[in-house]
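The values are calculated or read from the model by the stated rules, or taken from the named source; none is laboratory data. Keep in mind that this is a model prediction, so the values were computed, not measured. Note that we place each Cβ from the backbone using ideal geometry, even for glycine, and neighbour counts take in every protein chain shown. Note: areas computed on protein heavy atoms with side chains; ligands, DNA, RNA excluded. Shrake-Rupley method; radii C 1.70, N 1.55, O 1.52, S 1.80 Å.
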Amino acid sequence: MQRRELFSSLASSVSGKKKQEILLRPPYFGDESLFHNECNKCDGACATVCEEEIIKIADDRTPYLNFSYSGCTYCDECAIACKPNVLRVEDKKMIASIVTIDKKSCLSWDHTLCFSCKDPCLDNAIDFKAMFMPVINDKCTACGFCISRCPTNAISVKAIQ
Ligand code: SF4
Ligand code: SF4
Ligand code: SF4
């Protein structure tokens with residue numbers, strides 16, 4: 001392999017790794033490595049019991065949350081169903097993510113009256129400043145219920161580690 005080809009192949013492998021998506025996990029795990037050690041031996045019990053049907057199983061057979069249609073009620077059922085203890089009720093925590101409203105896509109920020117995200121937010125975590133400027137406050141539990149209700153897909157959730 002030519003020197004230049006070698007560098008470009010190394011560079012693309014590094015950027016490929018950087019781009020690797022962090023999956024949004026159910027809010028009951030202590031150690032991310034357990035997903036990779038245990039879930040490939042499991043039939044996805046956590047996804048089967050989730051009444052909101054937000055747990056999906058990724059290609060690597062680990063579970064992740066998908067808020068396209070609903071959100072997490074923090075009901076504990078997925079953790080109770082996880083017999084290998086990858087998810088444990090004792091490890092319950094907030095979904096590790098940041099939820100944001102994109103002002104450019106949001107109807108309200110464009111001066112069109114819309115409160116679609118406010119109603120499903122039982123935690124009162126969306127402040128409408130001066131009626132037209134919704135901002136997510138620190139009461140947000142990252143439950144995801146507001147996401148599918150936005151008519152312009154202006155709300156996004158980003159998993160963090
Ligand atoms: S039930 Fe537990 S072991 Fe099975 S896929 Fe879900 S997290 Fe993994
Ligand atoms: S806590 Fe309940 S609603 Fe949330 S992912 Fe687990 S089973 Fe689903
Ligand atoms: S993700 Fe945050 S802002 Fe959206 S409904 Fe849940 S608590 Fe409210």
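Worth pointing out:
- Residue check, residue 38 open to solvent by 20 Å² or more (accessible area, probe 1.4 Å), more than 17 Å from residue 144 (Cβ to Cβ) and not assigned by TED's automatic domain parsing to the domain that holds residue 133: yes
- Within region 45-72, residues that are among the β-branched types (Val, Ile, Thr) and within 14 Å of ligand 1 (Cβ to nearest atom) have Cβ atoms under 9 Å from residues that are part of a loop (DSSP other than H, G, I, E, B) and open to solvent by 80 Å² or more (accessible area, probe 1.4 Å) in these pairs: 54/69, counting only partners at least 6 apart in sequence or on another chain.
- Candidate set: region 73-110, residues that are among the charged types (D, E, K, R) and assigned to a loop (DSSP other than H, G, I, E, B); chosen: the one nearest to ligand 1 (Cβ to nearest atom): 83
- Single match in 26, 84 (criterion: at pLDDT 95 or above, surrounded by 12 or more Cβ atoms within 10 Å (Cβ to Cβ) and within 18 Å of residue 142 (Cα to Cα)): 26
- Residue pairs whose Cβ atoms lie under 8 Å apart, sitting 6 or more positions apart in sequence or on different chains, and linking a residue in region 134-149 that is in contact (Cβ under 8 Å) with a residue 12 or more places away in the chain to a partner that is β-branched (Val, Ile, Thr) and surrounded by fewer than 18 Cβ atoms within 10 Å (Cβ to Cβ), are 136/100; 142/98; 143/73.
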